[in-house]
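The values are calculated or read from the model by the stated rules, or taken from the named source; none is laboratory data. Since this is a predicted model, take the numbers as computed values, not measurements. We place every Cβ from the backbone using ideal geometry, glycine too, and count neighbours over all the protein chains shown. Heavy atoms of the whole protein, side chains included, go into the accessibility calculation; ligands, DNA and RNA do not. Shrake-Rupley method; radii C 1.70, N 1.55, O 1.52, S 1.80 Å.
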Amino acid sequence: MKTSLPFKYIVSVKRDKYYVVFDFKDDNGKRQRRWVGTGLPSKSTKKVLNEKVDELVAQFYEDYCSGKATKPREKIKKNTKNAEFLNRTLSAKSSAFAFTQFLSYWLDAIKPTVSDTTYESYTHVIRKTTEYFDEKYPNLMLNEITALQIQQFYNDKYNSGLTANTIKHYHANIHKALKYAVKMDWLPNNPSEKTELPKLKKFQANFYNAEELAELFKAFKGDRLELVVHIAAYYGMRRSEVLGLKWDCIDFDRKKITIRRKLIYRMGETGDELFLDEELKTKASVRTLPLIPHIEAMLKERFFLEQYYSNLLKDDFDHTFDGFVCRDSFGKIITPNYTSQHFQIVIAKNNLRYIRFHDLRHSCASLLLANGVPMKAIQEWLGHSTFNITADFYSHLEYSSKIASAETIAKIFSNDDESSLKK
């Protein structure tokens with residue numbers, strides 16, 4: 001596990017028991033490895049395991065800083081209460097962590113509990129937060145952080161041009177990190193709870209109507225992204241879900257398509273790298289939908305062409321991403337960045353109204369609503385985790401209920417008018 005701590009650690013299983021394995025150098029510069037038992041069986045829940053791992057890492061950090069852990073051939077004494085460590089952390093004179101060091105520690109601590117996509121998002125936010133505090137408040141300790149300093153951070157970021165929604169993401173990460181510090185008894189309270197956030201602007205989805213989508217499909221006829229664009233528009237899939245489709249998700253016999261993976265970029269040792277996440281963010285995101293005949297025909301054609309070009313090009317055909325649906329005729333995977341960038345190039349070249357690739361998802365939802373599909377069914381089609389998310393995005397587009405209301409009002413006033421005439 002990568003960590004900003006002066007040592008590394010991983011969680012491992014031996015004889016059906018969980019252990020935390022610490023990797024560090026002793027006072028002689030010699031690499032050492034210590035196995036510390038958690039006392040938990042391998043069937044323990046993730047929550048219980050994470051709490052125990054956090055406790056042992058905190059204890060080892062104390063022993064490392066005091067020199068106990070780094071003395072050659074000296075065993076680490078186990079102290080589950082960590083009383084001395086916690087008292088020192090909470091004292092006004094010193095803290096075990098600098099504030100920015102603590103943020104990095106928290107990031108490592110929660111990594112096993114979140115998806116890769118969420119972790120990448122957290123990493124970006126924490127990196128930006130760390131850069132700010134290291135520059136403006138160098139050597140700020142965890143127990144010295146105040147609500148005023150956090151508020152100034154939000155204000156400065158907002159004044160630099162960031163949106164209220166982005167500030168909300170910064171706040172969510174800082175709040176979670178400091179909540180963790182309170183839970184570990186490293187802080188008496190969470191100072192971020194005293195801050196104020198800028199007012200959020202209600203999101204208004206941008207979308208194409210049926211005529212505009214027809215023009216869009218015409219513009220992408222024969223293009224490398226043709227299949228990608230059609231799937232996104234017909235199913236309202238996210239970009240990562242479309243690109244993460246594999247042939248084992250397509251059931252031509254039962255006429256079904258299953259969305260259960262996503263292709264994303266994540267930070268690697270040499271920069272951004274492609275990563276296939278086998279787990280979507282929520283259970284609702286994993287969904288099986290009917291195979292629409294138009295998409296079925298396009299998929300069958302793509303499958304045939306893939307076999308044809310593979311046989312034709314032989315060694316020149318790229319087999320690195322065999323099994324993926326969205327590839328070009330040379331076997332190259334279609335990447336997330338290429339999808340967004342090329343999409344913009346094509347719509348600009350064809351003088352189409354500007355939308356983002358993700359707005360194809362909103363276009364799908366708006367067309368379903370316009371044709372009387374219930375909001376609950378749209379939630380399931382799009383894979384939203386809650387009904388509220390769907391309603392927040394699209395309630396202003398629900399024409400059928402508004403038409404029914406208008407007809408009711410008209411009928412009421414019409415009856416009143418008739419009654420007054422009879423009098």
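What to note about this one:
- Proximal charge balance of K14 [Cβ under 14 Å; K/R count +1, D/E count -1]: +3
- Modelled spin labels at H319 and K201, positioned 7 Å past Cα toward Cβ, are 5.2 nm from each other.
- Full extension of the chain segment joining E212 with S160 gains 15.1 nm, where the gain is 0.36 nm per residue of separation less the Cα-Cα distance.
- Among residues other than T129 with Cβ under 13 Å from its Cβ, the summed charge is +1 (Lys and Arg +1, Asp and Glu -1).
- For the set K25/K52; K8/K179; K52/K246; K111/K332, the pairs lying more than 27 angstrom apart at their alpha carbons are K52/K246; K111/K332.
- Euclidean distance of C-alpha centroids, segment 150-226 and segment 94-149, integer Å: 18 Å
- Carbon/sulfur fraction of accessible area - segment 111-177, other protein chains in place, 1.4 Å, %: 51 percent
- Restricting segment 167-226 to GluC sites (Glu not before Pro) in coil, as DSSP defines it, with at most 11 other Cβ within 10 Å: E196
- On the basis of the beta-carbon distance and an R0 of 45 Å, T45 and F304 show a calculated FRET efficiency of 0.40.
- For segment 216-305, applying the loop criterion from DSSP together with a ceiling of 14 other beta carbons within 10 Å to the chymotrypsin sites (Phe, Trp or Tyr not before Pro) yields F252.
- All other residues whose Cβ lies under 11 angstrom from that of F24 are scored, Lys and Arg at +1 and Asp and Glu at -1, for a net of +2.
- Under 19 Å from K168, Cα to Cα: aspartates and glutamates that are on another chain or at least 8 residues apart: E120, E131, D156, E193, E196, D392
- Average silhouette area of segment 236-345, convex hull of alpha-carbon atoms, in square nanometres: 8.4 nm²
- FRET efficiency, K136 to K25 (Cβ-Cβ, R0 41 Å, nearest 0.05): 0.80
- Subtracting the Cα-Cα distance of S115 and K256 from their residue separation scaled by 0.36 nm leaves 48.1 nm.
- Farthest positive-ward along segment 231-332 dipole, Cα basis, beta-carbon charges - from V242, P290, F304: P290
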